[in-house]
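> Have a look at this one before I ask anything.
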Amino acid sequence: ILCLAAFLLSPVFKIEKVTVEGNTYYSQEELIAALQDVVGKNYFSALFTNVPFSHLDYIFKARLYHQEQQLIGDKTYIKTADITCDFPHTVHVKITERIPAFLTKFQGEYLLVDSEGYVLEVFSGEEKPAYPTVEGLQVESYKTGKSLKSQSTSGKLELAIKICNLMQQ
């Protein structure tokens with residue numbers, strides 16, 4: 001058992017390469033740089049690092065739980081990330097990005113929001129991009145990368161999201 005453990009944790013299984021697919025907003029170099037802590041690590045030690053007990057299925061699917069959560073948290077345009085170990089030397093990243101839908105104004109700033117109500121970026125009035133601007137939403141608070149919080153229970157935010165989704169289609 002000790003010999004097997006020593007073999008599995010040996011440099012033979014060192015991760016040397018990261019491949020990325022599904023990216024449009026972030027460059028491959030930017031995403032690979034975000035995962036540099038995995039490069040040079042042992043395949044099996046990376047697989048077992050920081051996996052909560054409730055997500056042990058990630059181990060059986062050879063997915064890197066900690067790196068997925070970190071990438072989604074750091075990059076606001078990433079909706080989902082599947083980071084898998086392609087045995088023995090490669091990590092493969094497959095991402096789905098959030099698509100901006102509209103802008104809404106909050107305390108003099110413009111919030112760029114996706115079709116699920118997540119704030120992607122914040123702009124001043126001069127630098128705002130050319131997206132439809134939805135007015136009249138009563139935003140309580142926001143955090144970039146998180147869903148908008150509305151003061152109103154009237155469903156205006158949900159209605160704005162549905163309208164912008166229909167406009168995109």
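The values are calculated or read from the model by the stated rules, or taken from the named source; none is laboratory data. Computed from a predicted model, the values in this text were never measured in an experiment. Heads up, the Cβs are rebuilt from the backbone with ideal geometry, glycines too, and the neighbour counts pull from every protein chain shown. Note: accessible area is taken over every heavy atom of the protein model, side chains too, but ligands, DNA and RNA are not part of it. Shrake-Rupley method; radii C 1.70, N 1.55, O 1.52, S 1.80 Å.
> Looking at Phe106, Phe102 in this structure, which one is under 30 Å from Glu140 (Cβ atoms) and touching a Phe, Trp or Tyr at 6+ places or on another chain (Cβ under 6 Å)?
Among Phe106, Phe102, only Phe102 is under 30 Å from Glu140 (Cβ atoms) and touching a Phe, Trp or Tyr at 6+ places or on another chain (Cβ under 6 Å).
> Only one of (1) over 25 Å from Tyr142 (Cα atoms); (2) in contact (Cβ under 8 Å) with a residue 24 or more places away in the chain; (3) touching a strand residue (DSSP E or B) at 6+ places or on another chain (Cβ under 7 Å) is not met by Phe44, so which one is it?
(3)
> Considering each of Ser54, Ser10 in turn, give the residue that is over 15 Å from Asp86 (Cβ atoms), open to solvent by 50 Å² or more (accessible area, probe 1.4 Å) and of a type in the set (Ser, Thr, Tyr). If you could, list the steps in order and put the result at the bottom.
Details: Ser10 fails: open to solvent by 50 Å² or more (accessible area, probe 1.4 Å).
So the residue among Ser54, Ser10 that is over 15 Å from Asp86 (Cβ atoms), open to solvent by 50 Å² or more (accessible area, probe 1.4 Å) and of a type in the set (Ser, Thr, Tyr) is Ser54.
> What do you reckon, is Ala160 at pLDDT below 85 and open to solvent by less than 30 Å² (accessible area, probe 1.4 Å)? Spell out the reasoning first.
Working: at pLDDT below 85: yes; open to solvent by less than 30 Å² (accessible area, probe 1.4 Å): yes.
Spelling it out, Ala160 is indeed at pLDDT below 85 and open to solvent by less than 30 Å² (accessible area, probe 1.4 Å).
> Something else about it: Could you run through the stretch 129-157 and say how many residues are in a strand (DSSP E or B) and either modelled with pLDDT under 75 or open to solvent by 40 Å² or more (accessible area, probe 1.4 Å) (or both)?
Of the residues in the stretch 129-157, the ones in a strand (DSSP E or B) are 133-134, 139-141, 147, 149-150.
If we keep only those that are either modelled with pLDDT under 75 or open to solvent by 40 Å² or more (accessible area, probe 1.4 Å) (or both) as well, we get 133, 140-141, 147, 149-150.
Within the stretch 129-157, residues that are in a strand (DSSP E or B) and either modelled with pLDDT under 75 or open to solvent by 40 Å² or more (accessible area, probe 1.4 Å) (or both) number 6.
> Here are some residues: Val113, Val119, Val93. Which one is closer than 22 Å to Lys14 by Cα and surrounded by 13 or more Cβ atoms within 10 Å (Cβ to Cβ)? Outline the logic, then answer.
Working: Val113 fails: closer than 22 Å to Lys14 by Cα; Val119 fails: closer than 22 Å to Lys14 by Cα.
Of Val113, Val119, Val93, the one residue that is closer than 22 Å to Lys14 by Cα and surrounded by 13 or more Cβ atoms within 10 Å (Cβ to Cβ) is Val93.
> Sticking with this one: Specify the residue that is most open to solvent (accessible area, probe 1.4 Å); the eligible residues are those in the stretch 26-39 that are in contact with a helix residue (DSSP H, G or I) (Cβ under 8 Å, 6 or more places away or on another chain) and part of a helix (DSSP H, G or I).
Result: Ala34.
> Still on this structure, please answer the following. In the list Asn42, Asn23, which residue meets the criterion of being surrounded by 15 or more Cβ atoms within 10 Å (Cβ to Cβ) and modelled with pLDDT of 85 or more?
The match here is Asn23.
> Would a scan of the stretch 67-80 turn up a residue that is in a strand (DSSP E or B), among the hydrophobic types (A, V, I, L, M, F, W, C) and crowded, with 20+ Cβ neighbours inside 10 Å? Give the steps one after another, and end with the answer.
From the stretch 67-80, those in a strand (DSSP E or B) are 78-80; that's our starting set.
Narrowing the set further to residues that are among the hydrophobic types (A, V, I, L, M, F, W, C) leaves 78.
Narrowing further to those that are crowded, with 20+ Cβ neighbours inside 10 Å: 78.
Scanning the stretch 67-80, I find at least one residue that is in a strand (DSSP E or B), among the hydrophobic types (A, V, I, L, M, F, W, C) and crowded, with 20+ Cβ neighbours inside 10 Å, so the answer is yes.
> Only one residue in Thr96, Thr104, Thr84 is more than 17 Å from Asn23 (Cβ to Cβ), in a strand (DSSP E or B) and modelled with pLDDT of 80 or more, so which one is that?
Numbers: Thr96 fails: more than 17 Å from Asn23 (Cβ to Cβ); Thr84 fails: more than 17 Å from Asn23 (Cβ to Cβ).
Going through Thr96, Thr104, Thr84 in turn, just one is more than 17 Å from Asn23 (Cβ to Cβ), in a strand (DSSP E or B) and modelled with pLDDT of 80 or more: Thr104.
> Return only the number of the condition from (1) part of a strand (DSSP E or B); (2) farther than 19 Å from Asp74 by Cβ that Val122 does not satisfy.
All conditions pass for Val122, except number (2).
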